[in-house]
Amino acid sequence: MQRALISALPEPQKKTRTRAARLDPYKPVIDAILKADLTAPRKQRHTVKRIYDRLLDEHEAAHVSYQVVRAYVAARREEIRIQAGKGVVTRSSHRPTDPQTHRPTDQQTHRPTGPGRRPRPTSATSQ
């Protein structure tokens, strides 16, 4: 209370020391796994669950949570791909912002004809 009476301005807040994250000792291990996955076939790449399990089994990282590993892998996976020159993978040439070039009702459907199947008349007035 006396501090408030002495000065109308509040004292500056103390700087909090940043402490090392629990994941910091394991970041090089995770980065090495992600770099190795760049050359692995798609089906053999590590999932976040598998990376987390390897940290627990091989490096005894029981004090690191799955959520922390998941967040780090999500951020680093794309960064490592870009650093390696792999870039961003696009699955389709269609961009969601492209306008539709036709109306769905304009499409003609193919109806098979053959033995036992007669072609249908297109309209009742076209005879």
Report task. Keeping to segment 33-58, report how many residues are within 15 Å of Tyr72 (Cβ to Cβ) and within 19 Å of the chain's Cα centre (by Cα). Result -> 11
**Report entry** Qualifying residue in segment 54-64 (condition: modelled with pLDDT of 80 or more, in a loop (DSSP other than H, G, I, E, B) and surrounded by 10 or more Cβ atoms within 10 Å (Cβ to Cβ))
**Finding:** yes
Query raised in the report: Looking only at residues in segment 8-28 that are under 11 Å from Val64 (Cα atoms) and part of a loop (DSSP other than H, G, I, E, B), which one is most open to solvent (accessible area, probe 1.4 Å)?
Result: Arg22
Report summary line: The one condition Arg50 fails out of (1) within 21 Å of Arg22 (Cβ to Cβ); (2) modelled with pLDDT under 95 is (2)
Query - Of the criteria (1) open to solvent by 40 Å² or more (accessible area, probe 1.4 Å); (2) part of a helix (DSSP H, G or I), which one Thr39 fails - result: (2)
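The values are calculated or read from the model by the stated rules, or taken from the named source; none is laboratory data. As the structure is a prediction and not an experimental result, all values here were calculated from the model. Ideal geometry is used to build each Cβ from the backbone, glycine not excepted, and the neighbour counts take in all protein chains shown. Only protein heavy atoms, including side chains, enter the accessible area calculation; ligands, DNA and RNA are left aside. Shrake-Rupley method; radii C 1.70, N 1.55, O 1.52, S 1.80 Å.
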